[in-house]
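**Q** Please find one structure pasted underneath; my questions will follow.
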Ligand SMILES: Nc1ncnc2c1ncn2[C@@H]1O[C@H](COP(=O)(O)OP(=O)(O)OP(=O)(O)O)[C@@H](O)[C@H]1O
Ligand SMILES: [Mg+2]
C-alpha cells in the first residue's frame, strides 16, 4: 500500500507515546491470552466428558466406596454398554505433596475400552496386561518428571497403606497420549488386582464406576435404572452424566468464566480509552497536515481511511504481540501441572483475540478518523499561522 | 498539457473566471462579509500578484480559486470547470489534477523526506513507483534541490523547504499555481531565489500563477498586480 510510508511516519512521530500505547495494548492482550488459557484449563474436564458416559458414585459422597460386584450387576441393566471403575489413590511422590498428580487403580482392559481418548500403543497395552505392578502414565506427567518406560516409581498413599508397610512400587510400562489437545494426559493408572490384594484394608471396594450407555439420548433413563437397582442397599448410588460430574468440580471453584469475562471487559474498556486517546491526540496535533493532504487532493474518505489504518496498525502491533507471547508461554507446558494439566491456547480463542484486535483498532480510531474526515480544508490550513 | 474544457483556458484565453463572488463568515451572531461581489479574470499564462491589507480576504479568495472553499454566492470557473457544481469528492480529484498550492509556512509533512513530500500528490494517481520517482526527480531538479531529496524538512533551511513546497506544487504538472505569501517567511536573498523560480515556471513552463504578497518587491516580478480591499479588487493600491 503506497500510503504506508505516511502512516508509518505518523506512528513513529511520537515514539514514546506510541511505545507506551503499544505496551498497554500488548499487556491487555497478553492478559486476554492467559485468561483464555486458564479458562480452557478449568473447562477441559467438562468438554472432555463423553456424552454417552455416566459416572456412578456413592449416593452420600464421592469419597465413599462402592462394591466391586456392582460392575457385573450394572452390566445386566438394559441400555448399559460397558462399565469400568476408578478408585482415588492419592499417591504422593517423593514425600512431597506438591508433586501432586492423579493416581488411580483401574482394571486395564475395561479401562482402555472405556477411555478411548487415551491412546496407548498396542505393545505397551500388552505389557500392562502382563505386568501386575505395571502402570501407564500420561504424556504430560511423564514429561514433567522425565519418566520413561522401565522406570520404577515409588508412591505413598495416606488413604491406602500397603500391607506390611513400605511404599507402593510401580513399573512404568506405557505412556499414553490424548486423542485431542484438550485431553488430560496427567494421569497415573495402575492395576486394580495388584492394588486390591496388596492394600491393608478395604478389599473389594472401588471409588466410582464409569458406565457407557448404548444410546446417549436415553442416558437419563439408564441412570435412573441404575440408581433403582441399588436402592435400599447399604451402598446406594447416584448416577449422572460425566459432564455434570466434571461440571460440579468446576462449579466448586466458582463461575470462572463469569469472573474472567468481567476482568476482560474492564481491561478492554480501559485499553480502548488509552488507544482512543492516543489517536485523538495524534489527529489533533496534525490538523494543519491533514489540511495539506486534503489541499493536494486527498478525499475526505481517504483521510478517514488513513487514520483508521494507523489505529488498526497500532492495535495489531500491540495486540498480536500480546497474543503471541501468551501462546509462546504455553509451549513450555504447564507451569503448575498439578492444577492445570491441560495448558494451551485454543485456536478459537486466538481467532477471537484477532477479532478483538481489529475491533479495538477500528473503535479507537473511529471518532478521531471521523473528526479528520469532517475537517474543512480552509479551516485546517489556518491552524498553521 | 492543458486543453480546453478540463481545466484548460476557455475562449479568449481566460483560465480563471471569478464572477460576482461573495464570501461571508459567521463569527457568533456577527456576519463578516470578506468578499463582496468580486470579479476577476486571469488569462492563461499570467503571473498575477494579489496584494491588500491583512485581513482583506486574499487567502479567502485564493482558497475559492483553488477549490479549498466554496463561495457564499457567485461562481468560480477554472477553464471550463465550474467549481460550485462539483461534489466534495470530485473537487478533491480536480484539485489534485489542476492546482498546485504553495504556502507561506511551506506546510511540509515533517515525517516524510523531501522526495516523499513531493511525491504526495502523485500517490493519488495511477502511476507506478518508478514513474512517481521519475516525476519527483524532475520536480526536485527544477527547483534545484536534487541533492536534498532524502533530507527531512527540519534539516532544511526555510528557502529550501519552500523549494520542496514548490516542487510538490508542480510535480503533477498543474495548470494553475496558487501561492500564498511564498516569500513571507524568508529573508530577501532566499525570497529572491523563490521569485526567480516562480518567474521561470511562468515564463519557461507556461504556468499560470496567482501569488498573494505584501511585498512590492515581490509583486514587481508579476506581470500584473491587483489590490484587494473592502471585498473588491482594484488595479491601484488603495490610498
Ligand atoms: N473560517 C473562518 N471563519 C471566520 N472568519 C474567517 C474565516 N476565514 C477567514 N476569516 C476572516 O476573514 C477575513 C479575511 O481573512 P483572510 O485570511 O482571507 O485575510 P488575508 O487577506 O489573507 O490576511 P493576511 O494578509 O493576514 O493573511 C479575516 O477577518 C478573517 O478573520
Ligand atoms: Mg492570508
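The values are calculated or read from the model by the stated rules, or taken from the named source; none is laboratory data. Treat the numbers as computed from the prediction; the structure is a model and nothing was measured. Cβ atoms come from the backbone with ideal geometry, glycine included; neighbour counts cover every protein chain shown.
**Q** Going by what's in this entry, would residue B:9 be described as modelled with pLDDT of 95 or more and away from ligand 2 (no atom under 16 Å from the Cβ)? Step through it out loud before you land on a result.
**A** Values: modelled with pLDDT of 95 or more: no; away from ligand 2 (no atom under 16 Å from the Cβ): yes.
Considered against the rule, which asks whether it is modelled with pLDDT of 95 or more and away from ligand 2 (no atom under 16 Å from the Cβ), residue B:9 comes out as no.
**Q** I've got another one for you. Would you pick out the residues in region B:78-111 that are more than 15 Å from the chain's Cα centre (by Cα) and surrounded by fewer than 19 Cβ atoms within 10 Å (Cβ to Cβ)?
**A** Answer for region B:78-111, where residues must be more than 15 Å from the chain's Cα centre (by Cα) and surrounded by fewer than 19 Cβ atoms within 10 Å (Cβ to Cβ): B:80, B:82, B:84, B:85, B:86, B:87, B:88, B:89, B:90, B:93, B:110.
**Q** Do we have any residue at all in region A:134-145 that's at negative phi, touching a residue at least 12 places away in the same chain (Cβ under 8 Å) and part of a loop (DSSP other than H, G, I, E, B)?
**A** Taking region A:134-145 and keeping what is at negative phi, we get A:134-145.
Imposing the further condition that a residue be touching a residue at least 12 places away in the same chain (Cβ under 8 Å) reduces the set to A:134-145.
Checking which are part of a loop (DSSP other than H, G, I, E, B) leaves us with none.
So far as region A:134-145 goes, no, none of its residues is at negative phi, touching a residue at least 12 places away in the same chain (Cβ under 8 Å) and part of a loop (DSSP other than H, G, I, E, B).
**Q** Continuing with the same structure: Which one of A:266, A:262, A:239 is modelled with pLDDT of 70 or more and touching a strand residue (DSSP E or B) at 6+ places or on another chain (Cβ under 9 Å)?
**A** Values: A:266 fails: touching a strand residue (DSSP E or B) at 6+ places or on another chain (Cβ under 9 Å); A:262 fails: touching a strand residue (DSSP E or B) at 6+ places or on another chain (Cβ under 9 Å).
Sole residue among the options that is modelled with pLDDT of 70 or more and touching a strand residue (DSSP E or B) at 6+ places or on another chain (Cβ under 9 Å): A:239.
**Q** Exactly one condition in (1) at pLDDT 85 or above; (2) in a helix (DSSP H, G or I); (3) under 29 Å from residue A:183 (Cα atoms) is not met by residue A:275; state its number.
**A** With (1) at pLDDT 85 or above; (2) in a helix (DSSP H, G or I); (3) under 29 Å from residue A:183 (Cα atoms) applied to residue A:275, the lone miss is (3).
**Q** Which of the strands (runs of 3 or more DSSP E) found entirely inside region B:30-88 contain at least 1 residues meeting this: over 23 Å from residue B:221 (Cα atoms) and within 16 Å of ligand 2 (Cβ to nearest atom)? Walk me through it before giving the result.
**A** Working: elements: B:30-43, B:47-51, B:73-78.
The qualifying strands (runs of 3 or more DSSP E) are B:30-43.
**Q** For the structure I just gave you, tell me whether residue B:197 is more than 24 Å from residue A:378 (Cβ to Cβ) and either more than 16 Å from ligand 2 (Cβ to nearest atom) or modelled with pLDDT of 95 or more (or both).
**A** Values: more than 24 Å from residue A:378 (Cβ to Cβ): yes; either more than 16 Å from ligand 2 (Cβ to nearest atom) or modelled with pLDDT of 95 or more (or both): yes.
Against the criterion (more than 24 Å from residue A:378 (Cβ to Cβ) and either more than 16 Å from ligand 2 (Cβ to nearest atom) or modelled with pLDDT of 95 or more (or both)), residue B:197 qualifies.
**Q** So, one more: What pairs can you find where one residue is in region B:136-163 and surrounded by fewer than 15 Cβ atoms within 10 Å (Cβ to Cβ), the other is outside any helix (DSSP H, G or I) and modelled with pLDDT of 95 or more, and their Cβ atoms are less than 6 Å apart, with a gap of 6+ or different chains?
**A** If the second residue must be outside any helix (DSSP H, G or I) and modelled with pLDDT of 95 or more, the pairs left are B:150/B:113.
**Q** For the structure I just gave you, tell me whether residue A:201 is farther than 15 Å from residue A:155 by Cβ and part of a helix (DSSP H, G or I). It would help to see each step written out before you state the result.
**A** Details: farther than 15 Å from residue A:155 by Cβ: yes; part of a helix (DSSP H, G or I): no.
So residue A:201 fails the test.
**Q** Still on this model: Looking at (1) out of contact with any helix residue (DSSP H, G or I) (no Cβ under 9 Å at 6 or more places or on another chain); (2) near ligand 1 (Cβ under 10 Å from one of its atoms), which is the one condition that is false for residue B:39?
**A** If we test residue B:39 against (1) out of contact with any helix residue (DSSP H, G or I) (no Cβ under 9 Å at 6 or more places or on another chain); (2) near ligand 1 (Cβ under 10 Å from one of its atoms), just (2) comes out false.
**Q** Quick check on residue A:159: is it part of a loop (DSSP other than H, G, I, E, B) and more than 25 Å from the chain's Cα centre (by Cα)? First the steps, then the outcome.
**A** Details: part of a loop (DSSP other than H, G, I, E, B): yes; more than 25 Å from the chain's Cα centre (by Cα): yes.
Against the criterion (part of a loop (DSSP other than H, G, I, E, B) and more than 25 Å from the chain's Cα centre (by Cα)), residue A:159 qualifies.
**Q** Of the numbered conditions (1) within 15 Å of ligand 2 (Cβ to nearest atom); (2) touching a strand residue (DSSP E or B) at 6+ places or on another chain (Cβ under 8 Å), residue B:183 fails exactly one; give the number of that condition.
**A** (2)
**Q** Taking region B:100-117, which residues are facing another protein chain (nearest Cβ under 7 Å), away from ligand 2 (no atom under 16 Å from the Cβ) and in a loop (DSSP other than H, G, I, E, B)?
**A** Answer for region B:100-117, where residues must be facing another protein chain (nearest Cβ under 7 Å), away from ligand 2 (no atom under 16 Å from the Cβ) and in a loop (DSSP other than H, G, I, E, B): B:109, B:111, B:112.
**Q** Determine which single condition residue B:115 fails, assuming it passes every other condition in (1) crowded, with 21+ Cβ neighbours inside 10 Å; (2) on the phi < 0 side of the Ramachandran plot; (3) in contact with a strand residue (DSSP E or B) (Cβ under 9 Å, 6 or more places away or on another chain).
**A** Checking residue B:115 against (1) crowded, with 21+ Cβ neighbours inside 10 Å; (2) on the phi < 0 side of the Ramachandran plot; (3) in contact with a strand residue (DSSP E or B) (Cβ under 9 Å, 6 or more places away or on another chain), the one that fails is (3).
**Q** Is there any pair linking a residue in region B:71-94 that is facing chain A (nearest Cβ under 10 Å) to one that is part of a strand (DSSP E or B), with Cβ under 7 Å and at least six apart or on different chains, and which?
**A** B:94/B:81
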